[in-house]
Each structure stands twice: as C-alpha cells, then as structure tokens.
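Following: one structure in structure tokens, then a few remarks.
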Amino acid sequence: MDQQSTGEISIIVKWSGKEYPIEDLTVHDTVAVLKHEICKKTQVKPERQKLLNLKHKGKFATDDIRLGLLELKPNFKLMMVGSLEVDIEEASSKPDDIGNVINDLDNDDDDKVPLENKEVYLAKINKRVREYHINELNPPREGKRLLVLDIDYTLFDHRSAAENGAELMRPYLHEFLTSAYEHYDIAIWSATSMKWIVEKMKLLGVTSHSDYKLVFMLDSEAMITVHCPVRGVIEVKPLGVIWGKYEQYSSKNTIMFDDLRRNFLMNPKSGLRIKPFAGAHLNRHKDKELLKLSKYLRDIAENSDDFNELNHKKWESYKPKKRRELADE
C-alpha cells in the first residue's frame, strides 16, 4: 500500500551528517507544515531551510504546495541545507516569523469547513489515539467530568525570577484543585516535554497533594500541527486524543483552561481562555482568577448536563438555571 492510498507520508531528512525521520504528515499537508516538523526535529528555522531535492514540476517546491502533489515514495530521503540560530530555545519551539502560508487546496469548499471538522486533522488525531501512550496516574472516577489544565501562565509564571516555586505559583492553586476535584477528574496538558511537566508538578506540590489527584498528564507529543489561515502553521491540543482513549469523557463533560486560545482551536466550545498569570512578584497578592473559576466549575457541574450548551467566553456572567429562575420571579 503506497503513501497516496493511505494518506500518510513518511520522509527522512538528511542534514548535517544525520538522518531525521518525519512521520507525522499527510498528503494534505503543505511544504510549510513539513518545514515546521523539520524545525521540531533539527532546530533549523523554516526560513533557514533549503530543501534541495524537493521539486514540483521541475522547480523547487514552494511553501504552499501540498505534499500529495509531489508523488513522494515511502521514506523519501530529503536533502536539507540550513544553519542553526542561538535564539532557538528548544526543538519544539514555534518559529516567530513563518511568513504567510497560502492555502493551496484544490477544493475551495474545504476552506468553509470548520478547522475541527477537517479530515486531515481528524486523521492526525486518530493517529495520536493509536500511537500516543497516556501514563495513567490515577484511574478515572465514575460520573466525574474532566478538567484539562495548561501550566505556563495558567498555573505558573515560568518567566519571572524567584527563590522558589511557591513564589511563581498562581494564588489559590491548591484550593482551586481541591475544589475542582469534587466534580472533575483533573488532567494536565502542556506544550513541552513530559520531563519538564513532571518536574514542575513536583515543584508546585501538585502530584503529592493529599486533597486531590491527577488522572494523567499529556505533553507536546500529543499535540498536532494545523494550518490556520489567520495564524499560519501552529500546534494545538485536540481533546479528541483524550476522548478517543476514554469513552467516559466527551465534549459534553470536558472543559480545558489555557491562556492561549489557539491551543483549543480543534475544540473551541470546550476551551476557556484564562487570564494569563505573569509578573508573579507584582500580581501574586491580587490575582484571584482561580477563586472565581472554582465557582464557575462548581456551578456548571451542578447545573449543566451538557457543556456544549455553555458559552465559556461569558463565564464571568454565568448564572445557574435555578438562580436565573429566582432572579426572574
């Protein structure tokens, strides 16, 4: 079975005397997405990459060309020339200036399909469901909803200087998690490596707390790459990866907190953009976001059977149904 029939593409990039397998691609992805994946493996920014033998109609393939049009053989060996830059912090960092990526889909109707329903991205989610391993820390509890939390700027100010982790922890974190645990299984999903996540959770005392437990933690490997017309090529956190592995969780009972709205583009109705927590030394005495969100989580858990009916953008003005009925009398 060839790559065109399966829809998946595997490429081996040869650069600086080493070979790097690039497997998370489909025929619908563009050269720009390929360059983004190469950047994750090699740390060479997309604008610095020269792909020597990637041709389309006798010319070098431009960023807007779909990989399916290149008729690549399985494990095609791609020769790359490119230089590293000292300002690239880590392999998974996102390029600051990838330029404008043109959508080259042959079918204009595809542009009208919501991002979360596009087959190319649903296929990537299915691949994560098959291949990504979730290390379950504690078993899911029957009848509980699911709360998925980001770390950086959501629970923790990872940029400010401090003598210890407690000084960078968002105020009322443990009170918030203790309250949420009554109605929700709690998961962590951060766009970084699992090693980093584990260390930060230890630093904050989350994994050892006696009043609540985490069900599992996900890292950057569970994310997928998408092409957003407005933002270009970005990585997102598709909740479908979790829903595909755990039948008890779905859009009806899952909510995700993240300071970046783009992280839940694949599940816009399930995401709540939390106010970023930065400048801990200035704000830790006045930030009460988690206290207010504790109340919201409790209210929707007790009064909503289907989270799809909620508008999390207006969470601050949410009134439980019973409370609304009393107010109308």
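The values are calculated or read from the model by the stated rules, or taken from the named source; none is laboratory data. If you're wondering where the values come from, they're calculated on a predicted model, not measured in any experiment. No Cβ is skipped: glycine too gets one built from the backbone with ideal geometry, and neighbour counts run over all protein chains shown. Protein only, heavy atoms only, side chains kept; ligands, DNA and RNA dropped before computing areas. Shrake-Rupley method; radii C 1.70, N 1.55, O 1.52, S 1.80 Å.
Scan the range 15-64 for residues that are open to solvent by 50 Å² or more (accessible area, probe 1.4 Å), over 20 Å from the mean Cα position of the chain (by Cα) and among the polar types (S, T, N, Q) and jot them down.
Ser16, Asn53, Thr62
Yes or no: Lys77 open to solvent by 80 Å² or more (accessible area, probe 1.4 Å) and outside any strand (DSSP E or B)? Quick ask: steps written out before the conclusion?
Values: open to solvent by 80 Å² or more (accessible area, probe 1.4 Å): yes; outside any strand (DSSP E or B): no.
Spelling it out, it is not the case that Lys77 is open to solvent by 80 Å² or more (accessible area, probe 1.4 Å) and outside any strand (DSSP E or B).
Pairs please, first residue from the range 220-241 and more than 18 Å from Met194 (Cα to Cα), second anywhere and of a type in the set (Ser, Thr, Tyr) and not in a loop (DSSP other than H, G, I, E, B), Cβ atoms under 7 Å, 6+ apart in sequence or on different chains.
Hits for this filter: Val226/Tyr121; His227/Thr30; Val233/Thr225.
Is it the case, given these coordinates, that Lys195 is free of Cβ contacts under 8 Å to residues at least 24 places away in the same chain and farther than 30 Å from Gly68 by Cβ?
On the way: free of Cβ contacts under 8 Å to residues at least 24 places away in the same chain: yes; farther than 30 Å from Gly68 by Cβ: yes.
So Lys195 passes the test.
Among (1) of a type in the set (A, V, I, L, M, F, W, C); (2) crowded, with 22+ Cβ neighbours inside 10 Å; (3) in a loop (DSSP other than H, G, I, E, B), where does Val230 come up short?
(2)
Need the failing condition index for Leu291 against (1) surrounded by fewer than 17 Cβ atoms within 10 Å (Cβ to Cβ); (2) under 23 Å from Met201 (Cα atoms); (3) within 21 Å of the chain's Cα centre (by Cα), just the number.
Going through the list (1) surrounded by fewer than 17 Cβ atoms within 10 Å (Cβ to Cβ); (2) under 23 Å from Met201 (Cα atoms); (3) within 21 Å of the chain's Cα centre (by Cα), Leu291 breaks only (3).
Just checking, which of Glu182, Glu175, Glu167, Glu199 is under 22 Å from the mean Cα position of the chain (by Cα) and open to solvent by 10 Å² or more (accessible area, probe 1.4 Å)?
Values: Glu182 fails: under 22 Å from the mean Cα position of the chain (by Cα); Glu175 fails: under 22 Å from the mean Cα position of the chain (by Cα); Glu167 fails: under 22 Å from the mean Cα position of the chain (by Cα).
Among Glu182, Glu175, Glu167, Glu199, only Glu199 is under 22 Å from the mean Cα position of the chain (by Cα) and open to solvent by 10 Å² or more (accessible area, probe 1.4 Å).
Working only within the range 242-269, note down all residues that are open to solvent by less than 10 Å² (accessible area, probe 1.4 Å), under 19 Å from Arg141 (Cβ atoms) and either assigned to a helix (DSSP H, G or I) or without any contact (Cβ under 8 Å) to a residue 60 or more places away in the chain (or both).
The one that is open to solvent by less than 10 Å² (accessible area, probe 1.4 Å), under 19 Å from Arg141 (Cβ atoms) and either assigned to a helix (DSSP H, G or I) or without any contact (Cβ under 8 Å) to a residue 60 or more places away in the chain (or both): Ile242.
What are the residue pairs meeting all of these: first residue in the range 283-297, first residue in contact (Cβ under 8 Å) with a residue 24 or more places away in the chain and closer than 22 Å to His158 by Cβ, second residue acidic (Asp, Glu) and surrounded by fewer than 18 Cβ atoms within 10 Å (Cβ to Cβ), Cβ atoms under 8 Å, and 6 or more apart or on different chains?
Within 8 Å, the pairs are Arg284/Glu167; Leu290/Glu175; Leu291/Glu175.
If I ask for residues that are assigned to a helix (DSSP H, G or I) and among the aliphatic types (A, V, I, L, M), which ones from the range 14-60 would you list? Outline the logic, then answer.
Step one: of the range 14-60, the residues assigned to a helix (DSSP H, G or I) are 31-42, 46-48.
The answer is Val31, Ala32, Val33, Leu34, Ile38.
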